[in-house]
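No value in this document is a laboratory result; all are computed from the given coordinates. Every value quoted in this text rests on a predicted model; they were computed, and no experiment measured them. Cβ placement follows ideal geometry from the backbone for every residue including glycine, while neighbour counts extend to all protein chains displayed.
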Amino acid sequence: MDPVILLALAASIVFLLYLMYTGQFKWLVGVVRNMALGIIGILGINTLLSSMGVAVGVNAITILSIGLLGIPGLLLLYATQLLL
């Protein structure tokens, strides 16, 4: 395996252990939960609005914005899509 990948994996594990130790792991779990629900939300809303030609793509930026902002992030993506 590439040493850069091993280093990134080790750094990620250390960071997760740090979050668990400091009690900030709940925040990370909340963001991941929002990301998963955001993907489901995008797919569901895209299905409903496909007849109007409105669709938001599922990619890293949209998932991250929904993960950090939650439902307002989801609404922001669709409002931006409608305005553009």
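Points worth noting:
- Residue list for the range 39-72, restricted to those being among the hydroxyl-bearing types (S, T, Y), surrounded by 13 or more Cβ atoms within 10 Å (Cβ to Cβ) and without any contact (Cβ under 8 Å) to a residue 24 or more places away in the chain: S65
- Restricting the range 1-30 to residues that are of a type in the set (F, W, Y) and over 23 Å from L69 (Cα atoms), the residue that is surrounded by the most Cβ atoms within 10 Å (Cβ to Cβ): Y18
- Qualifying helices (runs of 4 or more DSSP H) (wholly inside the chain; at least 1 residues being of a type in the set (S, T, Y) and within 16 Å of the chain's Cα centre (by Cα)): 60-69, 71-83
- Selection count, the range 38-84, where residues are among the hydrophobic types (A, V, I, L, M, F, W, C) and within 27 Å of V14 (Cα to Cα): 7
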